[in-house]
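Reviewing the structure listed below.
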């Protein structure tokens, strides 16, 4: 009677491991692109939510609301890089800087895997009591690890309307450097 053996031969095991290696090499770049796309979508969604809530609160309370970059979630930061987070608050005194007695509407912590810059000269966005945006249009440029080809822009008009824009080469160059 013949003895039955169980298990794999070394050749079978090596063949399976090689197959898994090929599958991993094919799948990993796709997974990374998906992760970058999700980071971008999260950043865009959070920015839209903050803009809408700020505009709504301004109109609801008849008071100015201010959005600004913030790395600590408490005070505004200098500059146009919103990647380290931002805050929105009711700006009772119109200083465009958050005071301790001014209510925070929303805090967004640092972005994971994406970079978000506002138009040069627009480090603050102020919504008036009518819900409109004071100043000129502001353009946000969003870039992630997929590179310049996937850069997106979001334009906020003076009336508070939002629209998708086309990023200029200068905006892409600034936002897509990590």
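The values are calculated or read from the model by the stated rules, or taken from the named source; none is laboratory data. All figures in this text were calculated on a predicted structure; none of them were measured in a lab. Every residue, glycine among them, receives a Cβ derived from its backbone with ideal geometry; neighbour counts consider all protein chains shown.
Couple of notes before you dig in:
- Among residues of segment 151-178 being in a loop (DSSP other than H, G, I, E, B) and touching a strand residue (DSSP E or B) at 6+ places or on another chain (Cβ under 6 Å), the one that is surrounded by the most Cβ atoms within 10 Å (Cβ to Cβ) is 151.
- Residue 136 vs. criteria in a loop (DSSP other than H, G, I, E, B), touching a residue at least 12 places away in the same chain (Cβ under 8 Å) and buried (at least 18 other Cβ atoms within 10 Å of the Cβ): no
- Test: residue in segment 4-23 that is surrounded by 11 or more Cβ atoms within 10 Å (Cβ to Cβ), under 22 Å from the mean Cα position of the chain (by Cα) and either on the phi < 0 side of the Ramachandran plot or part of a helix (DSSP H, G or I) (or both): no
- Residue in segment 40-51 that is touching a helix residue (DSSP H, G or I) at 6+ places or on another chain (Cβ under 9 Å), touching a residue at least 40 places away in the same chain (Cβ under 8 Å) and either in a loop (DSSP other than H, G, I, E, B) or surrounded by 11 or more Cβ atoms within 10 Å (Cβ to Cβ) (or both) present: yes
- Yes/no for residue 121 being at pLDDT below 90, out of contact with any helix residue (DSSP H, G or I) (no Cβ under 8 Å at 6 or more places or on another chain) and surrounded by fewer than 16 Cβ atoms within 10 Å (Cβ to Cβ): yes
- The listed residues are 85, 79, and the only one of them that is surrounded by fewer than 16 Cβ atoms within 10 Å (Cβ to Cβ) and on the phi > 0 side of the Ramachandran plot turns out to be 79.
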